[in-house]
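Inspection log for the structure reproduced underneath, given as structure tokens.
The values are calculated or read from the model by the stated rules, or taken from the named source; none is laboratory data. Being a predicted model, the structure only gives us computed values, none of them experimental. Using ideal geometry, Cβ is built from the backbone for each residue, glycine included, and neighbour counts are taken over all protein chains shown.
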Amino acid sequence: MQKIVFDHVTKYFGDTKAVNDAHLTIREGEFFTLLGPSGCGKTTLLRTIAGFYRQEEGDIYFGERKINDIPTHERNIGMVFQNYAIFPHMTVFENVAYGLKARKVNKKETEQRVMEALEMVQLQHLRDRVPSDMSGGQQQRIALARAIVIRPGLLLMDEPLSNLDAKLRIKMRSDIRMLQKELNITTIYVTHDQEEALAVSDRIAVMSEGKIQQIAPPEDIYAYPANQFVANFIGTSNFIEAHCHGGMDSSGLAKIDLLGASYQLPLAKSYEGKVVMSLRPERVRLETAGHGLSLIPGTIENVTYLGEKVSYLVRLQNGPVIDVQEHAVEPHQLRKVKQAVQVNLQLEKSTMFDKGGKEVVYRATY
Ligand code: ATP
């Protein structure tokens, strides 16, 4: 168990900065996820940690030790990849024992450690089978056992669940999470699946175009996105344009024009001009009757029933179409297409960004 430090790490491919000035510390025992769309640089960053790539700028430390020039096999890392990378014709036992053999661990200790690792991934009863006739989930468990059997100081996982079906992915991700906590092993996990990242991580780094956009625990990334990219990439956001009238009054409130009405909010900083409001679908209430300053008339355009929740697309009068979610809806409460509604936007739970979407102008209050 050790902390990992990136000190202004940059990795180029030609003129492309695949990783652009990564500067962060991953804590001892932390489950840390690199999350972002395809091509954002997460695999490249992971590969520089493993030593498959050498960064052009900056340093990487394991604990206090600078590892820039330490070869991969001396970094004491366990790795799990999307394609399992296990040997199809060796038995489960032989696959898991492979790393110990390379480390010249004796037979008795190998037997004991392999069985221990197989028990952790619940495969002890299949030790003599060959992976080629096992399921994807079982093969990924072999890969996991093989990674942890060497007792690595760091576990790296690159999209380990991508090849599994949806139900198994959910089961495996909680198994991985529980095992990681039990072993207390520092883990860096790469995924483009935001739900997976929210479900397993202690903290998430959201990346875009080689740059880390925000580092925070899942609930903070969701509730307080640092910029418009993060608000858009994590969960669903309704983006609505508004206008901020600069200075705040004596009670710290600034005037905001939105969809033809005026509101007052305490801004993070004084701001004059166009802003973009990000409002989560569950932060919009639908009322069937009533009028009020904060209610905006709208019409339901589409209904998507998802079991535990319902998603409505609602066209606002003189405004955009927004996504609204209601939870635990009983069958008779389902709203219908073309139904008129009054929309209550919970603006205090929104985040507002400057025109370029880079800076937070208003931060949600809970
Ligand atoms: P994905 O989820 O698709 O794997 P990623 O976020 O892991 O994407 P990377 O694979 O790290 O992204 O790629 C980051 C950038 O570096 C991309 O622009 C990619 O085209 C480029 N890149 C990655 N590997 C190489 C390489 N070996 N040679 C040249 N360019 C590369």
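Test of understanding: among 322, 296, 300, which residue is closer than 28 Å to residue 228 by Cα and either modelled with pLDDT under 95 or assigned to a helix (DSSP H, G or I) (or both)?
On inspection, the qualifying residue turns out to be 296.
Could you go through the stretch 131-148 and let me know if any residue there is closer than 30 Å to residue 8 by Cβ and in contact (Cβ under 8 Å) with a residue 40 or more places away in the chain.
yes
Looking only at residues that are within 16 Å of the ligand (Cβ to nearest atom) and among the acidic types (Asp, Glu) in the stretch 170-214, which one is surrounded by the fewest Cβ atoms within 10 Å (Cβ to Cβ)?
Filtering first and then ranking leaves 195.
Taking residue 48 as the residue in question, decide whether it is within 16 Å of the ligand (Cβ to nearest atom), buried (at least 19 other Cβ atoms within 10 Å of the Cβ) and of a type in the set (Ser, Thr, Tyr).
Answer is yes for this residue.
Scan the stretch 13-38 for residues that are near the ligand (Cβ under 7 Å from one of its atoms), surrounded by fewer than 22 Cβ atoms within 10 Å (Cβ to Cβ) and small (Gly, Ala, Ser) and jot them down.
14, 38 - these are the residues of the stretch 13-38 that are near the ligand (Cβ under 7 Å from one of its atoms), surrounded by fewer than 22 Cβ atoms within 10 Å (Cβ to Cβ) and small (Gly, Ala, Ser).
Table: residues versus (1) surrounded by fewer than 18 Cβ atoms within 10 Å (Cβ to Cβ); (2) touching a Leu at 6+ places or on another chain (Cβ under 7 Å); (3) more than 18 Å from residue 181 (Cα to Cα); (4) at pLDDT 90 or above.
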{"site": "107", "(1), (2), (3), (4)": "yes, no, yes, yes"}
{"site": "112", "(1), (2), (3), (4)": "yes, no, yes, yes"}
{"site": "118", "(1), (2), (3), (4)": "no, no, no, yes"}
{"site": "145", "(1), (2), (3), (4)": "no, yes, no, yes"}
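Of all residues in the stretch 5-39, which are within 19 Å of residue 152 (Cβ to Cβ) and over 19 Å from the mean Cα position of the chain (by Cα)?
Across the stretch 5-39, the qualifying residues are 5, 6, 28.
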